[in-house]
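Asker: Just passing along the structure, written as structure tokens.
The values are calculated or read from the model by the stated rules, or taken from the named source; none is laboratory data. Note that the structure is a prediction, hence the values are computed from the model and not measured. Here the Cβ positions follow ideal geometry from the backbone for every residue, glycine too, while neighbour counts run over all protein chains shown. Heavy atoms of the whole protein, side chains included, go into the accessibility calculation; ligands, DNA and RNA do not. Shrake-Rupley method; radii C 1.70, N 1.55, O 1.52, S 1.80 Å.
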Amino acid sequence: MISQKKTPPPARKTFRHGDLRRALLEAGINLARDGGPQAVVLREATRSAGVAPNAAYRHFSSHNDLLQAVRAAALSSLALAMEAEIAKVQRRKSPPPESARATLRAVGTGYLKFALAERGLFRTAFLTPDPVEGDLDAAKTGKSGLNPFQLLSSALDMLVTTGVLPPERRPGAEYLAWSAVHGLAFLVIDGPLNTASEKDIRALSERVLLMVENGL
């Protein structure tokens, strides 16, 4: 009888202290990207990183610790997507009132684009109902140092300073704008618009953003 050789297990990787945390976080982000928040499992992250399960506990004491770190990274990616759209507006050198309106639309455009392109990360970003006002976690920010909520707030402040939005209508405007755009995102991702064509989604997105701008 011919004996079969067993395939040796893959060699485990070794990391410096900070590198291992980054490797585990990156593995968690990839899990969330593919399967949403429910796919972020600490043991699976260690397997993807090629390290022993116990090694993860030096950096993430629990599954929730890793999930919250992945959530923060997802919010940072969302902020970067919004900043990319804002940068397009800034390059146009439009008059201040027009630029302010365009910046608000850019914030919404970046938000929706990210939601549709990175559905797993988007779901993970809004996994828990944590307060957004006063959140100073730098891990959730983009290159500007602002998180998604702060980018929206900044765009609304710009509408006030340029005379587009009356100051008395500014308080709480973030939630009016956010609820409309966030609602559309989830109607497309997990709701009745899930099977809508790209053309129809784009048209609806433009109308919602215009509705928000004019409604404020």
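Asker: Taking the condition part of a helix (DSSP H, G or I) and either on the phi > 0 side of the Ramachandran plot or open to solvent by 40 Å² or more (accessible area, probe 1.4 Å) (or both), does Ala185 pass?
Answerer: no
Asker: What pairs can you find where one residue is in region 198-216 and within 17 Å of Ala155 (Cβ to Cβ), the other is aliphatic (A, V, I, L, M) and not in a helix (DSSP H, G or I), and their Cβ atoms are less than 7 Å apart, with a gap of 6+ or different chains?
Answerer: Leu216/Leu165
Asker: Then there is this: Is it the case that some residue within region 176-186 is in contact with a Pro (Cβ under 6 Å, 6 or more places away or on another chain), touching a residue at least 60 places away in the same chain (Cβ under 8 Å) and over 16 Å from Asn214 (Cβ atoms)?
Answerer: Looking for residues that are in contact with a Pro (Cβ under 6 Å, 6 or more places away or on another chain), touching a residue at least 60 places away in the same chain (Cβ under 8 Å) and over 16 Å from Asn214 (Cβ atoms), one finds none in region 176-186, hence no.
Asker: If you check Leu121, Leu151, Leu104, which single one turns out to be open to solvent by less than 40 Å² (accessible area, probe 1.4 Å) and either closer than 20 Å to Arg207 by Cβ or among the basic types (Lys, Arg) (or both)?
Answerer: So the residue among Leu121, Leu151, Leu104 that is open to solvent by less than 40 Å² (accessible area, probe 1.4 Å) and either closer than 20 Å to Arg207 by Cβ or among the basic types (Lys, Arg) (or both) is Leu104.
Asker: Which ones in region 157-207 are over 16 Å from Ala102 (Cα atoms), among the charged types (D, E, K, R) and more than 20 Å from the chain's Cα centre (by Cα)?
Answerer: Glu168, Arg169, Arg170, Glu198, Lys199, Asp200
Asker: In addition: Tell me the residue from Leu176, Leu146, Leu209 that is in contact with a Gly (Cβ under 9 Å, 6 or more places away or on another chain) and open to solvent by 50 Å² or more (accessible area, probe 1.4 Å), please.
Answerer: Answer to the selection: Leu176.
Asker: Would you pick out the residues in region 143-167 that are within 13 Å of Val107 (Cα to Cα) and part of a loop (DSSP other than H, G, I, E, B)?
Answerer: Selection gives Leu146, Asn147.
Asker: Ok, one more. Identify the single condition in (1) open to solvent by less than 20 Å² (accessible area, probe 1.4 Å); (2) modelled with pLDDT of 95 or more; (3) over 13 Å from Gly28 (Cα atoms) that Ala87 does not satisfy, given that it satisfies every other one.
Answerer: Looking at each condition in turn, Ala87 falls short on (1).
Asker: When both residues are 6+ apart or on different chains and their Cβ atoms are under 7 Å apart, which pairs have a first residue that lies in region 37-49 and is touching a residue at least 60 places away in the same chain (Cβ under 8 Å) and farther than 13 Å from His59 by Cα, and a second that is open to solvent by 20 Å² or more (accessible area, probe 1.4 Å) and in a helix (DSSP H, G or I)?
Answerer: Once the first residue is touching a residue at least 60 places away in the same chain (Cβ under 8 Å) and farther than 13 Å from His59 by Cα and sits in region 37-49, its partners that are open to solvent by 20 Å² or more (accessible area, probe 1.4 Å) and in a helix (DSSP H, G or I) give Pro37/Arg123; Ala39/Leu31; Val40/Leu31.
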